[in-house]
Structures are given as structure tokens and as C-alpha cells.
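> Provided herewith is a single structure, encoded as C-alpha cells, for subsequent inquiry.
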Amino acid sequence: KYFEFIIVKYINKDLLLSSSEMESDLKNTDLVFFDIGEKEVFFNSFSYFKKINCKFVSINNGIAVHQLSSKKIIKCNEDFIFKKILHFIFNKNEKKYFQNTFELQSNQIIQIPIPRHNKTWIEYLSNLEKKDFPNNFNEYIILASKPGTNIAFPKKNKINCLKIIKKIIIDELKIKLVIKPHPKEINDGVYDKILGKKNYNKSWVLSNNHIFNIAKNSMFCISFGGSIPVDLIRLNIPSIEFRDMNGIEQFDNEFSLRDENNNPISFLGSIKLVESASSEKEFKNKIDFFLKKKKEIISNKKDIYYKNFMKSEFSNNEIVKLILDF
């Protein structure tokens, strides 16, 4: 049977589909792919979904774990589309979140491996591109960057973190830095200003290569948040998540996950898939720890990975079969 695949994440974007076009395209659709976790986009699409009789398959846009929640975002009507949703999760700990938030039944939520963590796929992506930074970068630390434009990681925090990274990694340890920009990140000159434009291609560089390619000769990773550290565990590379969420109400409250120093941290930090640092002192201690104990650290992170995620030998064809049989 032929399926028209519609990625709901891009609904309401002016350059793609107008309301009339969307309604027309959905009319003969058998299956809709989307991400139920993109709550704002999903809720804005209700009017379209009510008009069609098809199945809905939801898969997370990223692999950063949703924190558990006891609050329902929406009360679902008996006859609404939630009964027709099959939702794939990567981390088994997310199941309660989606049950509580969207009132999905247990049999509507299926854990699958992270498709791109399949060994064959990792090897393919690792060798797909030619290296886009100088050969003198033969040993380095990855910085998985963020734009610095959202509530969890505002610009002033990004600037402060970059200054600390320069001081400890580049100036004191004389280790090179390869920065992987976020897809939504624009070149606003902040790296030139803090790391020094004259030092570009010498002590630091930007790379648009796939993270699997960049990871080949890296020592470890510093992350400003997100799921790249989960990818890197599959390549035996541990990560430090470096950001300060103290004082940010949405992340620093009575429900926040916290580290041993009472700093608010991410879910990945709370289950120790990444090491967390919120201050210069903590960051320096984590760097020293990584330089001394990398093998022990990555062994521990891999154990934690397999306690949360499935092994990636699971066939992609099996995932397709789950969708077609739904």
C-alpha cells in the first residue's frame, strides 16, 4: 500500500504548506509521521487531524530524554486521534512521561533502538565526508555547541562558558578545540571575539562534518546540552555537559533534577550518561578527571547507555514492520 508521509514538524511553515494545501494533502493520507513531543506544533495541527481518518506514527525528533512528568498537558477526548497514535521511544524511562502527558496506553508506546546507532550506519557516516578542518588537528576536544538563544542556555551563559573553556582547554592545557555548531546556530562573531580570530585553524576551528566523522580523533566532548553525547558513547567518547541553569526558573525549581552540589541538571546528567558541570571549578575538576580516567569513564557510560537504550543490532526492517502492522 502506498503511504504519503507528512512530517508534521513543518506544518504552518509559510514556505511549505498553506492551510488549504495541508487540508488537501491530508485528505487521501493513510499514515502521518510526526513528533508528539513538539507539543506546540502538534496542538496547532489538531484542526487538520480531526478531518482525516488515518493512523499516526510519532517518533522523537531528537534523542534527548523527556523528563518524567505527573502533569497532564491535555485531557484527551474519547473519540480523538490519540487512540490512533503509535509512539516510538528510544529510552524506556520516557514511557511514563508520554502516558501521563498524552494519556497514551502502554501498548501504544514501543521502545526501539536509536536507528543511527546501528554499527553499519555509524561506519558509513564516519567515512562519508572528507575532513573539513586542518590535519594538524590530530588530537582535540569536541565542543557540541548551541545557539545561546533559548531559555535553558541564554547568550550570556554561552559567553561565560566559552571564556572558561578557552582559559582551561586552550590556554592552560594547550589542547585544540573542534566546534560542532548547532544546525540553527548563526555565525555572530562570538567565537572570533572570545577564542581569537587570529587563532582560527591553529587552536580552534569550526566543523560542519557529521559528528561521527569529527569524533574520529577526539579525546572527549564538551556539550552545551542536547543529545550528541549519547551518539558519542557509541564511539567510546565521554562528554561533559557544561552549562549553568541556576536561577533559570523553568529549570531551577522544586521539581528540578540536581547534582551532588544541588545544581539543576538535565536528565542525561541525572542518570550519569554525561558528567555535569555548572561552574569553572566543577568544569576544571571534570576535565582533570577525564584526562586521567577516560577508559574507566567510558566503560561506565556504556553500561548506563545499555540500561536505558536498546542494542542497535535491532533491524530497521523490524521497525518498518511495526509501522505497517499497526
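The values are calculated or read from the model by the stated rules, or taken from the named source; none is laboratory data. Quick caveat: nothing in here was measured; it's all calculated off a predicted structure. Cβ: placed from backbone, ideal geometry, glycine included. Neighbour counts: every protein chain shown.
> Could you pull out the residue among Asn317, Asn263 that is surrounded by fewer than 20 Cβ atoms within 10 Å (Cβ to Cβ) and either on the phi < 0 side of the Ramachandran plot or in contact with a Ser or Thr (Cβ under 6 Å, 6 or more places away or on another chain) (or both)?
None of the others qualify; the one that does is Asn317.
> How about region 189-200: which of its residues are outside any helix (DSSP H, G or I) and surrounded by 13 or more Cβ atoms within 10 Å (Cβ to Cβ)?
Tyr200
> Continuing with this model, one more query. Answer yes or no: is there a residue in region 286-306 that is under 30 Å from Lys130 (Cβ atoms), of a type in the set (Lys, Arg) and buried (at least 18 other Cβ atoms within 10 Å of the Cβ).
yes
> Any idea which residue in region 70-121 is modelled with the lowest pLDDT, counting only those that are aromatic (Phe, Trp, Tyr) and in contact with a helix residue (DSSP H, G or I) (Cβ under 8 Å, 6 or more places away or on another chain)?
The selected residue is Phe82.
For every residue, the table says whether it meets (1) in a loop (DSSP other than H, G, I, E, B); (2) of a type outside the set (D, E, K, R).
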| position | (1), (2) |
| --- | --- |
| Leu177 | no, yes |
| Lys202 | yes, no |
| Asn213 | no, yes |
| Cys221 | no, yes |
| Ile237 | yes, yes |
| Gly247 | yes, yes |
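> Quick check on region 278-298. Is at least one of its residues in contact (Cβ under 8 Å) with a residue 12 or more places away in the chain, among the aliphatic types (A, V, I, L, M) and closer than 22 Å to Ile159 by Cβ?
Yes, because at least one residue in region 278-298 is in contact (Cβ under 8 Å) with a residue 12 or more places away in the chain, among the aliphatic types (A, V, I, L, M) and closer than 22 Å to Ile159 by Cβ.
> Taking Ser203 as the residue in question, decide whether it is at negative phi, of a type in the set (Gly, Ala, Ser) and more than 17 Å from the chain's Cα centre (by Cα).
yes
> While we're looking at this one, here's another question. Identify the residue in region 237-267 that is closer than 30 Å to Leu291 by Cβ and among the polar types (S, T, N, Q) and, among all such residues, is modelled with the highest pLDDT.
Among them, the one singled out is Ser239.
> Could you tell me how many of the residues in region 270-309 are in contact with a strand residue (DSSP E or B) (Cβ under 6 Å, 6 or more places away or on another chain) and assigned to a loop (DSSP other than H, G, I, E, B)?
Of the residues in region 270-309, 1 are in contact with a strand residue (DSSP E or B) (Cβ under 6 Å, 6 or more places away or on another chain) and assigned to a loop (DSSP other than H, G, I, E, B).
> Quick one: count up the residues across region 124-165 that are outside any loop (DSSP other than H, G, I, E, B), among the aromatic types (Phe, Trp, Tyr) and surrounded by 17 or more Cβ atoms within 10 Å (Cβ to Cβ).
Residues in region 124-165 being outside any loop (DSSP other than H, G, I, E, B), among the aromatic types (Phe, Trp, Tyr) and surrounded by 17 or more Cβ atoms within 10 Å (Cβ to Cβ): 2 in total.
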